[in-house]
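No value in this document is a laboratory result; all are computed from the given coordinates. As the structure is a prediction and not an experimental result, all values here were calculated from the model. Positions of Cβ are generated from backbone atoms using ideal geometry, with glycine treated the same way; all protein chains shown enter the neighbour counts.
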């Protein structure tokens with residue numbers, strides 16, 4: 001990806017094209033869900049290791065999806081802030097049934 005996007009609204013359609021394989025979206029969903037659980041564990045225990053678990057599982061799920069299923073480079077390498085936001089939007093859309101997973 002060489003294009004730079006001026007707005008999130010311009011970026012998100014591209015982001016979805018990079019997640020066309022349902023298995024990639026599922027890996028993202030599982031990773032993000034695990035990250036949420038890690039953050040919840042941190043809040044409950046105040047053990048900072050849970051934050052490491054949250055980051056590792058969140059990005060790990062995404063990277064597994066891209067490298068194993070999509071065979072593409074995660075957008076986070078080029079557009080980290082838009083990509084982070086897009087992951088949460090995609091997660092919400094999968095959770096609410098707007099996007100299949």
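Per-residue ellipticity at 222 nm for the chain, helices alone: DSSP H runs ≥ 4 residues times -39500 (n - 2.57), over residue total, nearest 500 deg cm²/dmol?
The helix contribution divided over the chain gives -22000 deg cm²/dmol.
Ranked highest first by the average count of other Cβ atoms within 10 Å around their residues, in what order do 17-23, 92-98, 27-33, 63-69 fall?
Per-residue mean Cβ counts within 10 Å order the peptides as 27-33, 63-69, 17-23, 92-98.
So if I take the centroid of the Cα atoms in the stretch 29-97 and the same for the stretch 1-26, what is the distance between those two points in Å?
After rounding, the separation between the Cα centres reads 15 Å.
Could you tell me how many degrees, from 0 to 90 and to the nearest 10, lie between the Cα long axis of helix 22-45 and the main elongation axis, the longest principal axis, of the Cα atoms of the chain?
30 degrees
I need to check one value: relative contact order of the chain, counting alpha carbon pairs closer than 8 Å and at least 6 residues apart, in percent.
The normalised contact order for the chain reaches 35 percent.
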